[in-house]
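Written below as structure tokens is the structure these notes are about.
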Amino acid sequence: MTRTVDLVADLGEGFGAYTMGDDESLLELLTSANIACGFHAGDPRIMDATVRSCVEKGVAVGAHPSFPDLVGFGRRAMDLTPDEVRTDVLYQVGALQAFAVAHGTRVRHVAPHGRLGNLVAVRADYAQAVVEAVASLDDSLTVLAQDGELADAARKHGLRVAVVGIADRAYRDDGTLVPRSEPGAVLHDPDEIARRTLRMVTDGVIESASGKDIPVACDTVLLHGDTPGAITLARLVREQLLAAGVEITALSAG
């Protein structure tokens with residue numbers, strides 16, 4: 001049986017006159033996109049243009065909701081109630097959904113961003129809040145998450161779950177990511193990242209920061225476009241997956 005995987009990246013993460021990453025180049029390599037919805041990055045013009053580009057390139061559209069933390073790029077913890085998380089996620093996905101409909105497509109998945117994405121893996125109340133928001137809006141949406149509370153809650157609710165493997169981040173022994181505040185959290189060597197990604201996709205394991213092999217389910221590989229050499233790295237990862245016989249396709253095509 002041929003192994004299939006989705007390639008996704010975070011797009012539309014500029015604001016006003018500011019841009020981050022080379023979205024147009026990444027779109028040539030992706031099958032899905034996590035699009036910022038205005039709370040950590042993005043604005044109506046950027047959301048509109050990014051969705052349009054995804055449609056033109058045949059890339060599946062996904063929502064990338066965040067804490068309301070534009071200054072901190074959504075990477076700071078915030079003391080929100082679960083109901084605030086629920087309504088904030090509903091608000092953001094609904095906004096992107098409007099642009100998707102305007103361009104003749106629909107939102108296919110939801111992938112919480114940054115600190116929210118980290119917390120929903122370990123906080124059951126936040127995970128349930130995200131699940132309630134997604135299910136109340138469109139229960140055909142796929143939830144992108146690491147293994148943890150969000151994935152578990154979404155499955156219990158009957159939502160489709162796709163586990164995301166992160167190509168350029170270090171993992172702890174428990175399968176969570178090494179925080180960005182710690183040394184070695186972000187990997188930079190292209191050959192190492194490509195090797196780790198291929199192993200994650202084909203063998204279902206990855207080497208943790210301590211050197212231990214840990215199991216990692218991987219339905220979609222997250223590529224980052226806002227680091228030096230990101231496009232070259234994304235192209236290398238894609239080429240090596242294809243060379244290994246992995247079929248690259250959007251989640252919604254499966």
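Residue check: is R235 closer than 14 Å to A167 by Cβ, surrounded by 21 or more Cβ atoms within 10 Å (Cβ to Cβ), touching a residue at least 24 places away in the same chain (Cβ under 8 Å) and not aliphatic (A, V, I, L, M)? No: the conditions fail for R235.
Which of the residues belonging to segment 56-71 are in contact (Cβ under 8 Å) with a residue 24 or more places away in the chain and either over 18 Å from the mean Cα position of the chain (by Cα) or part of a loop (DSSP other than H, G, I, E, B) (or both)? Break it down into steps so the answer makes sense when it comes.
Step one: list which residues in segment 56-71 are in contact (Cβ under 8 Å) with a residue 24 or more places away in the chain, which gives 57, 59-70.
Within segment 56-71, K57, V59, P65, S66, F67, P68, D69, L70 qualify.
Against the criterion of being farther than 26 Å from V131 by Cα, in a loop (DSSP other than H, G, I, E, B) and either touching a residue at least 12 places away in the same chain (Cβ under 8 Å) or in contact with a Leu (Cβ under 6 Å, 6 or more places away or on another chain) (or both), T227 qualifies.
Out of segment 159-178, which residues are surrounded by 13 or more Cβ atoms within 10 Å (Cβ to Cβ) and either at pLDDT 95 or above or over 28 Å from R108 (Cα atoms) (or both)? Matches in segment 159-178: L159, R160, V161, A162, R172, V178.
Only helices (runs of 4 or more DSSP H) wholly contained in segment 74-158 count here; list those with 2 or more residues that are at pLDDT below 95 and either surrounded by 17 or more Cβ atoms within 10 Å (Cβ to Cβ) or not hydrophobic (A, V, I, L, M, F, W, C) (or both). Break it down into steps so the answer makes sense when it comes.
Values: elements: 82-102, 114-119, 124-137, 149-156.
Where helices (runs of 4 or more DSSP H) fall fully within segment 74-158 and carry at least 2 residues being at pLDDT below 95 and either surrounded by 17 or more Cβ atoms within 10 Å (Cβ to Cβ) or not hydrophobic (A, V, I, L, M, F, W, C) (or both), they are 114-119.
Could you go through segment 22-33 and let me know if any residue there is modelled with pLDDT of 95 or more and closer than 23 Å to V131 by Cβ. Within segment 22-33, one or more residues are modelled with pLDDT of 95 or more and closer than 23 Å to V131 by Cβ.
The values are calculated or read from the model by the stated rules, or taken from the named source; none is laboratory data. Fair warning: this is a prediction, and the values are worked out from it, not measured in the lab. Counting neighbours? That spans all protein chains shown, and the Cβs are built from the backbone with ideal geometry, glycine included.
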